[in-house]
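Since the structure comes first, as structure tokens, the remarks are kept for the end.
Nothing in this text is a laboratory measurement; each read-out follows from the coordinates by a stated rule. Remember, it's a predicted structure, so these values are computed and weren't measured experimentally. Every residue, glycine as well, gets a Cβ built from its backbone with ideal geometry; the counts of neighbours run over all protein chains shown.
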Amino acid sequence: MIHVYVGPTLSASEPVLAAPGLRVLPPARHGDLLDTGICASDTVVLVDGVYHQAPALRHKEILAAMGRGIGVIGAASIGALRAAELAPYGMLGVGSVYSAYASGEIDGDDEVAVGQAPDGEFGAMTWPLVNLRHVLQLAVVDGVLDDERAAALLQALRAVYYPQRTWAAVRAVCRRQGETAFADWLTGQRERDRHFGDLKRDDAIAAVRAALDGAAADRVGIEPSVWETAYYRLWSNATARSCVDGMVLSTKDRLVYQQVFDPAFRERWAAYLAHLSLHPADGGPGMELAERLVRAGGGDLTADRVFHPELDLRDEQTVALLLAGETASDRQAVARYADALAWARRSRPGFSTEAVRDEVTHDLLRRVWRCPETKFDAEASARGLVSGARAVHAAKRLVPGFLEETERTETARVG
């Protein structure tokens, strides 16, 4: 399967995108390459990506995808930029824009940036600088401009902020520079060929064709040490999803719900630590947890106070062990709580989980756990949440749903 992330550079009606075996996706954003639907031996063609209105695709995500045996081709836009940066690790760059970045001829993000239509169609509303640079070169070849005038015009066009670099703005700059002949020439060229000078489009088509020809097959894999970081684990855990009971649920939300509401989770966490001790993730020799505790600190502390393993919520065995006590009712509650959180974000501009007050979450946890303040940290640790402060941080996602259910229960009781 070939997964093509593209938006304004190629329209959805582009014939090459209709080829069998293509999965055409919107411009890439942070987390997209963690999609479990992208499998080893697949190819990703990265053309367009967001970076202004949403977090951009990170380099480590691309490296991790290649580490999983996925071929990655970049071209035309952010794909060309990332390919030039990651070529030493095996990302394949295609086209003139990539070559310009790789050679150092261009280096700015603004070279490929465009303003996009806000209607979800991802249409380009402005001219990228690489295309303007290209048509200026074509104008020099045609004798419409000389090198000096073309350079001055490029400098003036570069000064226009990229979301404002519309065709009208291009014409206005040309008039101000006294280059109306160039503007008229470009208008005529575009009337004859609406794709005239569209270097990004040409490169994107070339990249898709390269993928169809198998150009990214048999790429050398990357060792996890290159991309496996604490930040990458944080991102991968945040994006882990599974379809259960007909619902797509966040694995992290399911785990936190169990940590907070399952009275038996203390025992489950202890069993998980014992499992890790006998089957360490680093592949080393296993050891009984009691012996490991003695070696780590004399055996005076419980395992949950000594060992704080980093969880990998994409590991099926880990998830199975930690969610062994989950019920269908729990999963339905997780879905309701996720809906309540989404509603809070939609209905209250600027709302985030960070805005939930610490004391409200703290009181919620003490209420559910029925523990005195003096044992709050110990209870959080026993549930795999490390400390009371970290438990409060993790549980904030549940607060809108919990308060909504509490209010509904109180209303029903009064009624």
Find the centroid of the Cα atoms in the range 130-167 and in the range 16-55, then give the distance between the two in whole Å.
31
Helix 328-347: angle to the longest alpha-carbon principal axis of the chain, degrees 0 to 90, nearest 10?
50
Once the Cα atoms of helix 230-239 and of the chain are each reduced to a long axis, what angle between those two axes, in degrees from 0 to 90 to the nearest 10, is obtained?
90
Put in order of increasing Cβ neighbours within 10 Å, starting from the fewest, T239, T43, T374 give T374, T239, T43
Determine the relative contact order of the chain: mean sequence separation of Cα pairs under 8 Å and six or more apart, normalised by residue count, in whole percent.
13
Between H52 and C243, how many nm apart are label points set 7 Å from Cα along the C-beta direction?
3.5
Nearest 500 deg cm²/dmol is fine: what mean residue ellipticity at 222 nm does the chain get from its DSSP H runs of n ≥ 4 alone, each adding -39,500 (n - 2.57), divided by its residue count?
-15000 deg cm²/dmol
Model label zone, S41; criterion: amide N under 18 Å from point 7 Å along Cα-to-beta-carbon; scope the range 194-225
211-222
Long-range Cα-Cα pairs in the chain (distance over 31 Å), rounded percent:
54
I'd like the orientation of helix 399-414 relative to the chain: the angle between its Cα long axis and the longest Cα principal axis, in ° from 0 to 90, rounded to 10.
60
Put one equal scatterer on each alpha carbon of the range 276-415, apply the Debye formula with no solvent term, and list log10 I(q)/I(0) at q = 0.13, 0.16 1/Å to two decimals.
-0.76, -1.05
Mind jotting down the distance between the C-alpha centroids of the range 228-301 and the range 312-368, whole Å?
17
Which net charge results for the neighbourhood of P128, defined as the other residues with beta-carbon distances under 14 angstrom from its beta-carbon, given Lys and Arg at +1 and Asp and Glu at -1?
-2
Can you give me the P(r) profile for the range 234-339? Cα pairs, bins 10 angstrom wide beginning at 0, each as a whole percent.
13, 42, 30, 13, 2
No solvent, one uniform scatterer per C-alpha: report log10 I(q)/I(0) for the range 261-321 via the Debye equation at q = 0.12, 0.23 1/Å, two decimals.
-0.30, -1.04
So the label point goes 7 Å from the Cα of A270 along Cα→C-beta, right? Which residues of the range 310-329 then have their backbone N under 16 Å from it?
none
Per-residue Cβ neighbour rank within 10 angstrom, fewest leading, Y231, Y337, Y101:
Y231, Y337, Y101
Which distance in nm do the two modelled labels at S99 and A19 give, with both placed 7 Å along the Cα-to-Cβ direction?
2.0
Contour minus end-to-end for L212 and R390, with contour as 0.36 nm per residue of separation and end-to-end as the Cα-Cα distance?
59.3 nm
Would you mind giving the average projected area, over all directions, of the Cα convex hull of the range 129-197 in nm² with one decimal?
4.1
How large is the convex hull of the Cα atoms of the range 24-75 per residue, expressed in Å³ as a whole number?
73
How much length is gained if the chain between H59 and Q332 is pulled fully straight, taking 0.36 nm per residue apart and subtracting their Cα-Cα distance, in nm to one decimal?
94.7 nm
Pair E288, R233: separation of 7 Å Cα→Cβ label points (nm)
2.8
